[in-house]
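The numbers here are math on the coordinates, done by the rules we state, and not lab data. The model shown is predicted, which means the values in this text are computed figures rather than measured ones. All Cβ positions, even for glycine, are placed from backbone atoms using ideal geometry, and neighbour counts span all protein chains on display.
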Amino acid sequence: MSNYRIIEDAEALQQFIDWLPEINENETYYLSLFARKKYCQELIKSNDKTQLKRFTSNKEGMLQNIKQLECAVGSYQLADKVAPQQSLVLYIHPNPRNTQLATFKLLRKCIDLLEAQAKGYNLHAEALSAIQKAKSKSYFVDFDIDTKDVDLSIIKDILPAEAYRILETRGGYHLLVQTAFAPKTKWHQQIREAFDVDVVGDQMIPVPGCVQGGFVPRFVEV
């Protein structure tokens, strides 16, 4: 293998990109490529997560931006070692980020850095961090189900079919609830109780159709 593989199922990836909400000129999507120790423990001895690359994209350019991650093996490094293919996972915030809000956050951060007379900081990294923290509208609430030993059909008794999508991942599921179609009931608490969910909110999810430690995440039907 001369190049890293990021896209494993181009059709699933394109369907996911098409499904994402349309965004305006003040919004963008935030993606991040990681190497994870838990996917490749025999080769990685460092931290559980090492961020290799992060970037922003609109829907139209997302496929091409992801393709550009498929560079020569060895381009991604973990300290003095080559990042193994089997350690890679690509994440995205399905809720878009607000670039105007991010600009305010970055300005405040820059003022703090200047006042502290900080040296050696990376302005590009600070800008990307500001974008990641600047959530725009909450299109989705994400419930991270950290097991596959669950009865997913329970969700049919809580939400209408158009209000959710289920993403199967390497170790479980992400239940993405589209708030615009959710009923005015206590669905949030019902889901937490039904699936014993601990992590809820505006989280990053593995990108469908792309790598996740030897697994390919995809949307599944109940």
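Straight-line cross-link reach from K137 at under 13 Å between alpha-carbon atoms covers these aspartates and glutamates, not counting any fewer than eight positions away in the same chain: E22, E27, D202. With 28 Å as the limit, the listed pairs K37/K133; K49/K184; K59/K148; K37/K67; K59/K105 have K49/K184; K59/K148 beyond it between alpha carbons. Using 0.36 nm per residue and subtracting the Cα-Cα separation, the extra length available between Q86 and Q14 on full extension is 23.7 nm.
From the Kirkwood radius over Cα pairs of the range 78-134, Stokes-Einstein at 10 °C and 1.306 mPa s returns a whole-number translational diffusion coefficient of 117 µm²/s. Every pair of different Cα atoms in the range 1-91 enters the Kirkwood calculation, which places the hydrodynamic radius at 14.2 Å. Dividing the Cα radius of gyration of the range 145-220 by 2.2 N^0.38 Å, with N the residue count, gives 1.09. The value of relative contact order for the range 1-147, using C-alpha pairs under 8 Å at least six residues apart, is 29 percent. Near K81, no amide H atom lies under 5 Å from its own; only residues 5 or more places off or on other chains count, and H is placed 1.01 Å from N.
Under the criterion of Cα pairs below 8 Å and six or more residues apart, the relative contact order for the range 88-178 equals 30 percent.
Taking 0.36 nm per residue of sequence separation and removing the Cα-Cα distance, the K53/C71 pair yields an extension gain of 5.3 nm. Subtracting the Cα-Cα distance of E115 and E162 from their residue separation scaled by 0.36 nm leaves 11.9 nm.
Note on T185 and A79: the model spin-label points, each 7 Å out from Cα along the C-beta direction, lie 5.2 nm apart. Computed from the C-alpha gyration tensor, the three semi-axes of the ellipsoid equivalent to the chain are 29, 24, 17 Å, from longest to shortest. Computed with the Debye formula from one identical point scatterer per Cα of the range 92-222, without solvent, the log10 of I(q)/I(0) at q = 0.10, 0.18 Å⁻¹ comes to -0.43, -0.97. In terms of the mean number of neighbouring beta-carbon atoms within 10 Å, the peptides 132-143, 27-38 order highest first as 27-38, 132-143. Dipole magnitude for the chain: about 720 debye, using +1 per Lys or Arg Cβ and -1 per Asp or Glu Cβ, origin at the Cα centre.
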